[in-house]
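Asker: Would you mind keeping the following structure in view while I ask a few things?
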Amino acid sequence: MATALLIAAPASGQGKTSIVAGLARFYARQGKRVRVFKCGPDFLDPMIHAAASGNPCENLDLWMCGEEDAAWRLARAAETADVVLVEGVMGLFDGAPSAADIARRFGLPVLAVIDAGSMAQTFGALAHGLATYQPDLPFYGVLANRAASAGHAEMLQESIPADLRWCGTVPRDAEATLPERHLGLHQAAEIDDLMTRLDRMADHLEKTPLATLSMPTDAVSPAPALCVPLGTFHAVSSQSVPPLLNGKTLAIARDAAFCFLYPANLELLESLGAQLIFFSPLAGDALPACDALWLPGGYPELHAATLSQRGGLFAQLHDHVNADKPLLAECGGMMVLFDTIADKEGNTHPMAKLLPGRVAMQERLTALGGQEADLPEGALRGHTFHYSKTETSLTPLTHARRQRPLAGKTQGEAIYRTRRLTASYVHFYFPSNPAAAAALFLP
């Protein structure tokens, strides 16, 4: 059995990522084997959790990834881990499916993290609402984050109903929080004092009841025990895939500008037989000898001045496409293939000129949500999340479909195809259709 907990909140910005990472760090430095998952299509939080736990952090999403995919990944983790932590997305009940849906489906006890910094007795009302809004939710308890003082913490504890488990408080501490920017948190590799911050949060959590893994099983109703039997995850075998990419070398850009890579995607590509070679455009690496190429998303707009100097690499990209070799460019990877990128300051930088048009950063988020694309290779699910817009004369091969219509419209992101180059704002989750994913990297 593994000790399992889903950590959620009433909304974004409550500090749940810092709490989850702090718990992972605390348990890991105790010598526990820790696996962390993130609800929803997220890249940045998993980087933090991987650093805190010492293991890759995978995504759980009942729409994008699928229920079977979530089930076997949880089961696999529970077979070897002492602790399985799952971070929710946005608010506990936000989205369809939501973190609450995942908790119910897999019997994961829910810990609610609430930012109590600007409230007192209302804390108890909010905790009560989260615990009782859906009566069948396996609710475990509540943790108060950013408490101002010992007196404030006592007031918060007194406010909660007697039938809710109190899991303690974490004080307001800027040195234990994680820095953010326009797409969310900073990448783990960019936070120089990351482990210091994680240790500081772990020290705070050590003073709460969550520090004890062998938590009481006689919890007041409706809180369940934290020791979740492996069978609760309804383990199934991982999807077996034929070696469709056997003998193929796949080059993947990976650095601070191209960093949005699902661990599940990399794992699947290797299962398909591909040899993965990583290179860094920012570091000036040349394109490795390869049969296919993947330019994932990331932050090219933050490194546009450096990337604009990579004329040699851009020439290699042209040669690669002209040789009819496959290239998948997702979001930031696609942005680099246009003529220019205009950053948030309005500075224009020349790019690879493989796709006609320009990219310009915007002040506000321009697209967000799950998307599904019917490609010639098959249907693939993924998501989109970006602050830029493109202007191009290209005619799209097709458009993805939104998971949830916006103002009654289902049309999603444009997907471009020229020769064997496929480009769009969609970040695909390859295990949603392994055969289609493999076909994107075949001539």
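Asker: For residues that are more than 27 Å from GLY312 (Cα to Cα) and aliphatic (A, V, I, L, M), tally how many sit in segment 267-293.
Answerer: So the count comes out to 3.
Asker: Where in segment 52-149 are there strands (runs of 3 or more DSSP E), lying wholly inside it, with at least 1 residues that are touching a strand residue (DSSP E or B) at 6+ places or on another chain (Cβ under 7 Å) and closer than 23 Å to GLY382 by Cβ?
Answerer: 58-60, 83-87
Asker: Which of the residues that make up segment 1-39 are touching a strand residue (DSSP E or B) at 6+ places or on another chain (Cβ under 8 Å), small (Gly, Ala, Ser) and farther than 23 Å from ALA127 by Cβ?
Answerer: Result: ALA2, ALA24, ALA28.
Asker: Another question, then. Could you pull out every one of the strands (runs of 3 or more DSSP E) wholly within segment 376-443 that has 2 or more residues that are charged (D, E, K, R) and over 20 Å from the mean Cα position of the chain (by Cα)?
Answerer: So the answer is 388-391, 409-418.
Asker: Can you name the residue in segment 329-345 that is assigned to a strand (DSSP E or B), surrounded by 23 or more Cβ atoms within 10 Å (Cβ to Cβ) and among the aliphatic types (A, V, I, L, M) and is also farthest from the chain's Cα centre (by Cα) among such residues?
Answerer: The qualifying residue farthest from the chain's Cα centre (by Cα) is ILE341.
Only the coordinates and a few stated rules stand behind these numbers; no lab work does. Please read all numbers here as calculations on a predicted model, not as lab measurements. Heads up, the Cβs are rebuilt from the backbone with ideal geometry, glycines too, and the neighbour counts pull from every protein chain shown.
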